[in-house]
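Below you'll find the structure, written out as structure tokens, and then a few comments.
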Amino acid sequence: MKPIIYILLIGLFFASCSHRIVRTGYKAKKSAYENCDVIITRNTEISDTTAIKIGEIKLGETGFSVACSEEHAVKILKNEACAINADLIIITEENRPDLWSSCYRCRADFYQYKNSNSRIITQDDDVYATQKVKERVSEDRSKNTIVAIGAVMLGVLLGLFLL
């Protein structure tokens, strides 16, 4: 029994507590993370004459993710974009925390404008304003708390009935 516990503890120790990041078309080093002026929006069409797609990213979960809120995801997206000199992040798909996962998951594309005068989108989508993101994260956490309490109560009740 002890070897199984040790193996589980070692697995948990090496598991990431943040989003699982899958990069496509680029490589970014965390040492290249910096603050820059990058625009974030969703479901926007960009013409090939205006900008070039320089990569895409998928933020998922590791199964042991704890720090995986939308707020963390937006921070990761902006850091990744800055590391590869992207001017624009377009979120193409997103999944809010739910019964099956307590993590915010998304896919996004990174674009670089062909020239600075072709900047069509000049500001972040209102949806990703810091305050609105914080409000949604707060709602997600309260929903997850209710689900967790419900699961514990159900487990206790089932345990009592099985005794």
Which whole-number value in Å² is the accessible area per residue of the chain, probe 1.4 Å?
66
Amide H of Ile39: which non-local residues (sequence gap of 5 or more, or other chain) have their own amide H closer than 5 Å, using H built in the peptide plane?
Leu88, Ile89
Keeping every protein chain in place, order Val156, Val137, Val22 by accessible area at 1.4 Å, biggest value first, i.e. largest first.
Val156, Val22, Val137
So if a site counts as exposed when it's one of the trypsin sites (Lys or Arg not before Pro), its DSSP state isn't H, G, I, E or B, and it has at most 11 other Cβ atoms within 10 Å, what's the longest stretch of the chain without one?
30-163
Which longest uninterrupted range of the chain lacks any GluC sites (Glu not before Pro) assigned by DSSP to a loop state (not H, G, I, E or B) and surrounded by at most 15 other Cβ atoms within 10 Å?
46-163
Using Cα-Cα distances under 8 Å and only pairs 6 or more residues apart, what relative contact order does the chain have, in percent?
26
For the stretch 60-163, diffusion coefficient by Stokes-Einstein and Kirkwood Rh (Cα), 20 °C, 1.002 mPa s, µm²/s
133
Candidates Ser47, Ser18, Ser138: whichever shows maximal mean-square fluctuation once the chain is modelled as a Gaussian network with Cα springs under 10 Å
Ser47
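Please report, as a whole percent, how much of the solvent-accessible surface of the chain comes from carbon and sulfur atoms (probe radius 1.4 Å). Before the final figure, lay out the partial values.
On the way: 6340 of 10820 Å².
In the chain, the share of accessible area belonging to carbon and sulfur is 59 percent.
The values are calculated or read from the model by the stated rules, or taken from the named source; none is laboratory data. Just so we're clear, the structure is a prediction, and the values are computed from it rather than from any experiment. Heads up, the Cβs are rebuilt from the backbone with ideal geometry, glycines too, and the neighbour counts pull from every protein chain shown. The area values use the complete protein model at the heavy-atom level, side chains included, leaving out ligands, DNA and RNA. Shrake-Rupley method; radii C 1.70, N 1.55, O 1.52, S 1.80 Å.
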